[in-house]
1. Restricting to region B:9-24, count the residues that are assigned to a loop (DSSP other than H, G, I, E, B), open to solvent by 40 Å² or more (accessible area, probe 1.4 Å) and touching a residue at least 12 places away in the same chain (Cβ under 8 Å).
2. Check off (1) buried (at least 18 other Cβ atoms within 10 Å of the Cβ); (2) out of contact with any helix residue (DSSP H, G or I) (no Cβ under 8 Å at 6 or more places or on another chain); (3) within 12 Å of another protein chain (Cβ to nearest Cβ); (4) hydrophobic (A, V, I, L, M, F, W, C) for C:Phe145 and give me the number that stays unchecked.
3. Which residues, taken from region B:90-116, are surrounded by 20 or more Cβ atoms within 10 Å (Cβ to Cβ), touching a residue at least 40 places away in the same chain (Cβ under 8 Å) and in contact with a helix residue (DSSP H, G or I) (Cβ under 9 Å, 6 or more places away or on another chain)?
4. Give the residues of region C:105-137 that are of a type in the set (Ser, Thr, Tyr) and over 17 Å from C:Ser63 (Cα atoms), sorted by residue number.
5. Looking at region A:140-154 only, could you name the residues that are open to solvent by 10 Å² or more (accessible area, probe 1.4 Å) and outside any strand (DSSP E or B)?
6. Return the residue satisfying two criteria in turn: it lies in region B:177-222 and is among the β-branched types (Val, Ile, Thr) and modelled with pLDDT of 65 or more, and of such residues it is most open to solvent (accessible area, probe 1.4 Å).
7. Among the numbered conditions (1) open to solvent by 40 Å² or more (accessible area, probe 1.4 Å); (2) more than 7 Å from chain A (Cβ to nearest Cβ); (3) touching a Gly at 6+ places or on another chain (Cβ under 7 Å), tell me where C:Gly79 comes up short.
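The values are calculated or read from the model by the stated rules, or taken from the named source; none is laboratory data. Small disclaimer: the values here were computed from a predicted structure and weren't measured. Please note: Cβ atoms are built from the backbone with ideal geometry, for glycine as well, and neighbour counts cover all protein chains shown. For the accessible areas, the whole protein counts, side chains as well, though only heavy atoms, and no ligand, DNA or RNA atoms are used. Shrake-Rupley method; radii C 1.70, N 1.55, O 1.52, S 1.80 Å.
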Amino acid sequence: MAQLRMQGHRVLVADLANETIRAITGSMVAYDGAVAFKNAGMGGGDGFKAAFKRKMTGESISLMEVTGSGTVYFAVDAQDITILELTNDALHVEASQLLALVGQLRTDVKFTGLRGATSGQGLFTTTVTGTGTIALLSAGGPIIALEVAPQYPLVVDPDAFVAFHGQLNQTFVTDVTWRSAVGGGNGEAFSLRFDGQGIVYIQPEER
Amino acid sequence: MAMELENYKVLKTTIHPGQRVFARQGSMLYYTGDVVFTPYSMSGGGGGMPGVGAIAGAAGRMMQGEHVGLMVAEGSGTVYFGRDGLYVEVIELDGSSVLTVEAERMLAYEGNVQTSIVSLSSQGGMRGAVRGAVTGQGMFTTQVTGYGTVAVLSHGGAIALAVGGAKPQVVVDPQAYVGHLGQITVDLSAHVGFRDVVGRGSGEAMQLKLSGQGTVWVQASEKKF
Amino acid sequence: MSIQIHNPGTLPVNDNIPGNDYAFCVDLAGTPWFTSKGAMIAYYGNVAFEPLSRTNLTAMVASQFSSPLYADDWVVAQGQGKLILGDRGYNINSFDLDDGNLTIRASNLLAFEPGLSLKQSIVPGFLTLLGTGKFLASSNGPVMFAEPPLRVDPQALVGWADCPSPSHHFDAAWMHSFLSVVGGFFGMDSDEERQFDFTGAGTVLVQSSEKMLNDGHVLRQLEAQTVQLSQASLLQLHRSIGSRLS
């Protein structure tokens, strides 16, 4: 399996020996060797059904397949990058924060709730399942991993949410007190509440 | 004179009488001592602007803009430079090779180095320059020679990649290209089928191929500025 | 997974998240904090955020938050818990004032304890903190502490403590060459000609400059000042703005 490593905080390096990885379209900043880039399409290589679902849900994820032998460097908007290993498990990711996938990983889009009762607009998270390596983007600084347990639930600004992992129940709270804290005036402000057992990843900068 | 990093976003420059520092206008953060700043225009048109007409005019404005954007700091004191929270890289020149920096990214340099504006392109000359200006890939570069220190801007910091030996050719996204040093040949060309993976809406999908012997700096972002 | 995992027990008490200059953890333990809207990115615990106009701490707000123009930008956080704050990916630092005063750019102030009182500075877009307590400030890149005498680009200025308020300084050489080239005051697009001049003993806080295209704080303060103007002065202002927009 192709190896991912970091050069500093913000550049991801893939060393390819006749191997393939998937990465977000447009994220390659440099490469050497014999490497080919191929658009994996809207579904990110997971077939027509996933692509169709993505189109319907508006979840924008566009992956490319990077194949060959050489070294490829990836970066997006000076965001910090974190490499996570997944072993026969699932990680739920905000699509814009996913950078690269290596190994036997499948992506799918999941409906995760309504964005406020009034707007009726849905919210979707990309779920990555299987065994492999994932690179995540974090805007504004290093990613922050927060543990959730039954005795300490966590409330997160949806604009700072990156990913979660574990047996977590995710609910959208439109309480007045949070609205006053984030100042979203027009009733759009809601918070993400996590209950259960797991880990939530957030970033220092709001989208 | 001394040029060093105060922190990763700020350049600290100590100036003594008789020395000059060139810097981008608007980049002075603060200073102590007696320092005078004067707008500076490169004389002689910087390589000449042959040709007339609307297209040459577009390129001309771009090159002129480059020249108008400089100032000279002189006197005795310490000046701190920075711009919009961009990262600063300090590069030392020992007189042995040429540093090429994307013109927009030049923050400051010592007065004893020599600079000239050059357009990077496979076609070369005016046609290439115009193409750069039109496609927004604007590969205008400042070439720096001599002994001295140069400070260069990048979005989120830059990594240095070696060109040569086991890596005879390195390909760089022009949006992420910061500059290069050494005996390097640069080829800026459109890459068929590349647009699909570069994925940025407008303009031609270009790539920058560097071969030879030296170093290329690449920033941690595909955002041009 | 090698990255450090935090929970309410391991998060720092009023300090940066370890290894992260861009996120800060406030320990809310009974005493309230003033926090700027939008700085909150996550929290654990039983915490309530109340607008200044609708809190049960009216007397405290009235005495400590003496900046009516900014009241809508702030809330009072009360309860027990850990708050995590972030601001545009800026570096966040905490400062302690001991019967002191410090003036800070409004958009760089994130939170403060009610032992401090907040007043609008005479300099547009800046606020002054007085008293004893902790506050959090953000800066684009690490904040630099400098001692006067010095001159600073207004856009790079984060704040100042103990020294007198700055005065404007116009660089003579710059003005001369500029006027000779263009012959007008408006339209200058760099900042070297206009600086803030600091003198006296104290500390000036400086950051890497930022684009100040739309600082709502400055606009609001300037707008508020126009109430002092007469009808004739307003017309004059109207004309000069009109000519700049055309």
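1. Going through region B:9-24, the residues assigned to a loop (DSSP other than H, G, I, E, B) turn out to be B:9, B:16-19.
Among the residues that remain, those that are also open to solvent by 40 Å² or more (accessible area, probe 1.4 Å) are: B:16-19.
Those left that are additionally touching a residue at least 12 places away in the same chain (Cβ under 8 Å): B:16-17, B:19.
Number satisfying all stated conditions: 3.
2. (1)
3. Selection gives B:Met106 alone.
4. C:Ser107
5. If the condition is that a residue be open to solvent by 10 Å² or more (accessible area, probe 1.4 Å) and outside any strand (DSSP E or B), then A:Gly140, A:Pro142, A:Ile143, A:Pro150, A:Gln151, A:Pro153 are the ones that fit.
6. Step by step, filter region B:177-222, then rank; the result is B:Thr185.
7. (1)
Okay, residues lined up against (1) open to solvent by less than 20 Å² (accessible area, probe 1.4 Å); (2) touching a residue at least 60 places away in the same chain (Cβ under 8 Å); (3) within 11 Å of another protein chain (Cβ to nearest Cβ):
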| site | (1), (2), (3) |
| --- | --- |
| C:Val26 | yes, yes, no |
| C:Ala42 | yes, no, yes |
| C:Ser66 | no, no, no |
| C:Ser94 | no, yes, no |
| C:Ala111 | yes, yes, no |
| C:Pro124 | no, yes, no |
| C:Leu136 | yes, yes, no |
